[in-house]
Amino acid sequence: MENTRNVLDFFQKIVKEEPDVSAAVAAIRTLMNILENFGDGETLRGLSEELRKATEEMKKAECSITSVQSGCELFQRFITLTSLEQSNFKDCKEIMKKRGEIFLRKLQEARPKIARLGAPFILDGHKILTHSKSRVVLQTLVEAAVVSKKRFHVFITESHPDLSGVAMRDELLKHNIGSTLILDSAMGYVMESVDLVLVGAEGVVESGGIINKIGTYTMALCAKEMHKPFYVLAESFKFVRLYPLNQRDLPQELKFSSTIIESNHSNLLDQHPQVDYTPPGYLTLLFTDLGILTPSAVSDELIKLYL
């Protein structure tokens with residue numbers, strides 16, 4: 001790609017034209033495109049710098065950048081594991097491309113694997129509460145309803161300000177899954193009548209907690225108070241090297257879009273954050289492509305990923 005502007009355009013085109021593709025996968029496909037078109041006469045240092053610049057540019061997009069950050073970092077670590085063993089850059093690049101293709105394939109296999117793990121926890125007659133729109137939660141619900149032939153009902157929050165819950169409800173209706181759209185403020189009212197909560201995650205942090213759409217923490221608090229299981233479905237490429245202790249510890253670039261930060265850098269108190277942090281003590285289990293994990297087991301898996 002000629003410049004960073006082209007990187008952002010390429011990334012945003014994938015996100016816009018392929019709604020089933022997550023932002024992280026779109027970002028990694030963008031990095032693969034850079035890798036494939038990088039000159040054979042260049043250097044590893046130059047390639048590494050180009051990938052770093054592209055990652056920073058994609059963080060300016062108006063979408064979840066938590067998974068973009070973690071996915072790009074894991075991708076670069078994976079493709080460079082054996083690259084330095086070769087004597088010339090062209091051979092290194094070929095090995096990196098092959099490893100990149102393997103990594104991308106593993107990412108694309110993650111969602112079906114999680115759906116198969118999560119579906120058995122949904123039983124006939126269950127009432128389920130979910131928040132916002134999550135592709136992996138949707139696939140798990142479809143797996144339970146269409147493949148396993150279970151009948152259940154889903155309550156979905158509208159999820160302001162982007163009303164992503166409306167899109168989730170529409171997707172469920174396409175698969176004839178009974179669903180009810182509720183106000184964000186009604187989650188406490190509905191909680192007493194549901195059997196479990198299913199949410200996705202934009203990022204899973206080192207403590208075993210999650211970063212997700214604003215309102216997730218509130219839902220987890222209600223679930224904990226009413227003794228309802230709170231299950232998180234997340235791909236391992238969303239495991240991010242952060243250890244927030246509270247909401248203030250979340251980096252500003254994860255909480256606000258780049259446009260808002262640039263135009264309100266001196267005062268963000270009047271702006272609404274896009275995500276919140278839910279501590280591990282409020283989560284029951286995490287369903288990932290690495291298996292079903294307790295929050296306390298996340299740190300071990302994250303270390304393995306980033307070694």
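Being out of contact with any Asp or Glu (no Cβ under 9 Å at 6 or more places or on another chain), basic (Lys, Arg), more than 19 Å from ALA23 (Cα to Cα) and at pLDDT 95 or above: is that true of LYS228 here? Walk me through how you get there before you give the answer.
Values: out of contact with any Asp or Glu (no Cβ under 9 Å at 6 or more places or on another chain): no; basic (Lys, Arg): yes; more than 19 Å from ALA23 (Cα to Cα): yes; at pLDDT 95 or above: yes.
Taking the combined requirement at face value, the residue does not satisfy it.
Residues in region 101-117: is at least one more than 28 Å from LEU286 (Cα to Cα) and free of Cβ contacts under 8 Å to residues at least 12 places away in the same chain? Break it down stepwise before answering.
We begin by selecting, within region 101-117, every residue more than 28 Å from LEU286 (Cα to Cα); these are none.
Within region 101-117, not a single residue is more than 28 Å from LEU286 (Cα to Cα) and free of Cβ contacts under 8 Å to residues at least 12 places away in the same chain.
For region 151-209, which strands (runs of 3 or more DSSP E) that fit wholly inside it have 2 or more residues that are surrounded by fewer than 22 Cβ atoms within 10 Å (Cβ to Cβ)? Walk me through how you get there before you give the answer.
Details: elements: 153-157, 178-182, 196-199.
Output list reads 178-182.
Give MET226, MET191, MET219 a once-over and let me know the one that is closer than 16 Å to ILE128 by Cα and in contact with a Cys (Cβ under 6 Å, 6 or more places away or on another chain). Checking each option against the conditions leaves just MET191. Every condition in (1) at pLDDT 90 or above; (2) within 24 Å of LEU163 (Cβ to Cβ); (3) open to solvent by 70 Å² or more (accessible area, probe 1.4 Å) is met by GLN247 except one, and the failing one is (3).
Residue by residue, here is whether (1) touching a helix residue (DSSP H, G or I) at 6+ places or on another chain (Cβ under 6 Å); (2) of a type in the set (Lys, Arg) holds:
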{"residue": "GLY39", "(1), (2)": "no, no"}
{"residue": "LEU47", "(1), (2)": "no, no"}
{"residue": "ALA54", "(1), (2)": "yes, no"}
{"residue": "LYS60", "(1), (2)": "yes, yes"}
{"residue": "THR66", "(1), (2)": "yes, no"}
{"residue": "LEU81", "(1), (2)": "no, no"}
{"residue": "ALA110", "(1), (2)": "no, no"}
{"residue": "LYS113", "(1), (2)": "no, yes"}
{"residue": "THR140", "(1), (2)": "yes, no"}
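Please go through (1) among the charged types (D, E, K, R); (2) within 21 Å of HIS160 (Cα to Cα); (3) without any contact (Cβ under 8 Å) to a residue 12 or more places away in the chain for LYS174 and return the number of the only condition it doesn't satisfy. Here LYS174 meets the rest and fails (2).
The set of residues in region 125-146 that are open to solvent by 70 Å² or more (accessible area, probe 1.4 Å) and either farther than 23 Å from LYS224 by Cα or of a type outside the set (D, E, K, R) (or both) contains only ARG135.
Within the option set ASP270, ASP276, being under 21 Å from LEU233 (Cα atoms) and either exposed (fewer than 13 other Cβ atoms within 10 Å of the Cβ) or in contact with a helix residue (DSSP H, G or I) (Cβ under 7 Å, 6 or more places away or on another chain) (or both) holds for one residue only, ASP276.
The values are calculated or read from the model by the stated rules, or taken from the named source; none is laboratory data. This structure is a prediction, so every number in the text was calculated from the model and none was measured. Glycine gets a Cβ as well: all are built from the backbone with ideal geometry, and neighbour counts include every protein chain shown. Heads up: the accessible areas ignore ligands, DNA and RNA and are worked out on the full protein's heavy atoms, side chains in. Shrake-Rupley method; radii C 1.70, N 1.55, O 1.52, S 1.80 Å.
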